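Scroll down for the structure; my scribbles are underneath it.
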Amino acid sequence: MAKAEKSSAKIKIGIFFMALGLLFITAAGGLFAYNISVDKKAGIVADKIIQTVENAPKDETYEEDENGEKTVIVDGEKYIGVISIPSLEISLPVQHGWSLAKLKNSPCLYSGNVYDGTAVICAHNYQSHFGALKYASVGDKVYFTDVAGLTYAYKIISLQRIGGYDVEAMKNNDGWDMTLFTCTYSGRERITVRLARITENEIT
């Protein structure tokens, strides 16, 4: 009798852990599907916005403030231009200022500005945003075109991993003209790309 009870208990425990395992697999599958949906939506939104931002010079819809910063308003948000990394097939609009809500739509200007070489641009690690940044290489070309149609060319000079809360290290400028970053999947670090501006004869 005791043996039968022990056997029954083992079966029940086995069934419990199987059910628990299936629950975790289902939850993981649901989260994966949700993340893909969010990523796809972010890409669609960015694609719609970029058309307006790229047409700003032609349509003369951009504004310039007293500090020389140029912006165009799309759906109530200010955009400063387009960031492009041909080697990673990235071309995205960049918003002026940042918040978690803004990051759902496109990369954002985290601090500084493009014109004085202090710009720090951040984005989510969606595949449709900066997810491919981890595949960047030193020497890759990067282009920023502002809403007035002026294009600035850069090359990647270093790749770093910075602590997720190390704001000073992110903003620190040690000889570069622009910084791009996104979080790792764990969120504990930031994949950080430092850029140096290059002249026209260095682009090819």
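The values are calculated or read from the model by the stated rules, or taken from the named source; none is laboratory data. Worth saying up front: this structure is predicted, and the values here are computed from it rather than measured. Backbone-built Cβ (ideal geometry, glycine too); neighbour counts: all protein chains shown. Note: areas computed on protein heavy atoms with side chains; ligands, DNA, RNA excluded. Shrake-Rupley method; radii C 1.70, N 1.55, O 1.52, S 1.80 Å.
If I go through the range 58-91 residue by residue, how many of them are under 15 Å from T151 (Cβ atoms) and not β-branched (V, I, T)?
Qualifying residue count, the range 58-91: 7.
Specify which of the listed residues (D146, D174) is free of Cβ contacts under 8 Å to residues at least 24 places away in the same chain and not β-branched (V, I, T). Talk me through it step by step, then tell me what you get.
Numbers: D146 fails: free of Cβ contacts under 8 Å to residues at least 24 places away in the same chain.
Of D146, D174, the one residue that is free of Cβ contacts under 8 Å to residues at least 24 places away in the same chain and not β-branched (V, I, T) is D174.
Condition (residue is open to solvent by 20 Å² or more (accessible area, probe 1.4 Å), in contact with a helix residue (DSSP H, G or I) (Cβ under 7 Å, 6 or more places away or on another chain), in contact (Cβ under 8 Å) with a residue 12 or more places away in the chain and over 18 Å from R194 (Cα atoms)) applied to the range 109-116: is it met by at least one residue?
No: zero hits.
Just one of A28, A42 is on the phi < 0 side of the Ramachandran plot, assigned to a helix (DSSP H, G or I) and either at pLDDT 85 or above or touching a Lys or Arg at 6+ places or on another chain (Cβ under 9 Å) (or both); which is it? Walk me through it before giving the result.
Values: A28 fails: either at pLDDT 85 or above or touching a Lys or Arg at 6+ places or on another chain (Cβ under 9 Å) (or both).
Just a single option satisfies the conditions, and that option is A42.
Does Y154 satisfy the condition of being aromatic (F, W, Y) and open to solvent by 40 Å² or more (accessible area, probe 1.4 Å)? Outline the logic, then answer.
Values: aromatic (F, W, Y): yes; open to solvent by 40 Å² or more (accessible area, probe 1.4 Å): no.
It is false that Y154 is aromatic (F, W, Y) and open to solvent by 40 Å² or more (accessible area, probe 1.4 Å).
Looking only at residues that are open to solvent by less than 40 Å² (accessible area, probe 1.4 Å) and under 15 Å from the mean Cα position of the chain (by Cα) in the range 184-198, which one is farthest from G117 (Cα to Cα)? It would help to see each step written out before you state the result.
Restricting attention to the range 184-198, the residues satisfying the condition of being open to solvent by less than 40 Å² (accessible area, probe 1.4 Å) are 184, 187, 191-196, 198.
In the following step, the residues that additionally are under 15 Å from the mean Cα position of the chain (by Cα) were identified as 184, 187, 191-194.
Numbers: T184: 25, G187: 27, I191: 20, T192: 16, V193: 14, R194: 11 Å.
Here the residue is G187.
I50 - would you say it is more than 17 Å from G97 (Cβ to Cβ) and either touching a Lys or Arg at 6+ places or on another chain (Cβ under 7 Å) or surrounded by 17 or more Cβ atoms within 10 Å (Cβ to Cβ) (or both)? First the steps, then the outcome.
Working: more than 17 Å from G97 (Cβ to Cβ): yes; either touching a Lys or Arg at 6+ places or on another chain (Cβ under 7 Å) or surrounded by 17 or more Cβ atoms within 10 Å (Cβ to Cβ) (or both): yes.
Taking the combined requirement at face value, the residue satisfies it.
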